[in-house]
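Let me begin by presenting the structure, written as structure tokens, before commenting on it.
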Amino acid sequence: MTDKLRLRLATLVAPLAVPLLILIFVVPFTGESERGLTEAVIVWATITSYLGCLVLGLPIVHLLLRLDRLTVANLSLAGFCAGAVVTFFVARVFVGVSGPGNLGAKGVVLFAVIGAIVGATFGVVARARAY
């Protein structure tokens, strides 16, 4: 498999880490009355994850490639930062608040960790160096 094909595959697969985490860790603990909300959250998370990957992630990947620094560690760190940036978008558009302060520090850290997971998944699928 060529490097370009691996990068394309990683771009398609890595954002799916977010809804997959929701399916694994949230769905088993929700009741029937919460299924509709859970499904909406999964759809929202999938769209947000792909948008974040395309708008923030791909430019970061191209920069890391150009600098010959495409590693799982760098992708995880970049994903962490990008996830924190996505918090501002989510807070403004979906929650309707003026900033992430209303989501709290836990919300920012949660989105940042999710971003790091997407970045690490991208690195593993793309077969980037570990560090």
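The values are calculated or read from the model by the stated rules, or taken from the named source; none is laboratory data. Note that the structure is a prediction, hence the values are computed from the model and not measured. A quick note on method: Cβ atoms are made from the backbone with ideal geometry, for glycine too, and the neighbour counts reach across all protein chains shown.
Is there a residue in region 61-76 that is out of contact with any Leu (no Cβ under 7 Å at 6 or more places or on another chain), over 12 Å from VAL118 (Cβ atoms), of a type in the set (Ser, Thr, Tyr) and at pLDDT 90 or above? Yes, region 61-76 contains at least one residue that is out of contact with any Leu (no Cβ under 7 Å at 6 or more places or on another chain), over 12 Å from VAL118 (Cβ atoms), of a type in the set (Ser, Thr, Tyr) and at pLDDT 90 or above. Pairing residues of region 36-47 that are within 17 Å of PHE89 (Cα to Cα) and part of a helix (DSSP H, G or I) with residues that are at pLDDT 85 or above and not β-branched (Val, Ile, Thr), at Cβ distances under 6 Å and at least 6 apart in sequence or on separate chains, gives ALA45/PRO19; THR46/PRO19. In region 103-131, what residues are more than 17 Å from ILE22 (Cα to Cα), assigned to a helix (DSSP H, G or I) and hydroxyl-bearing (Ser, Thr, Tyr)? Correct list: empty. Of everything in region 4-31 that is of a type outside the set (A, V, I, L, M, F, W, C) and in contact (Cβ under 8 Å) with a residue 60 or more places away in the chain, the residue that is surrounded by the most Cβ atoms within 10 Å (Cβ to Cβ) is PRO15.
Residues satisfying the criterion are present in region 49-63 (criterion: closer than 28 Å to PRO28 by Cα and surrounded by fewer than 15 Cβ atoms within 10 Å (Cβ to Cβ)).
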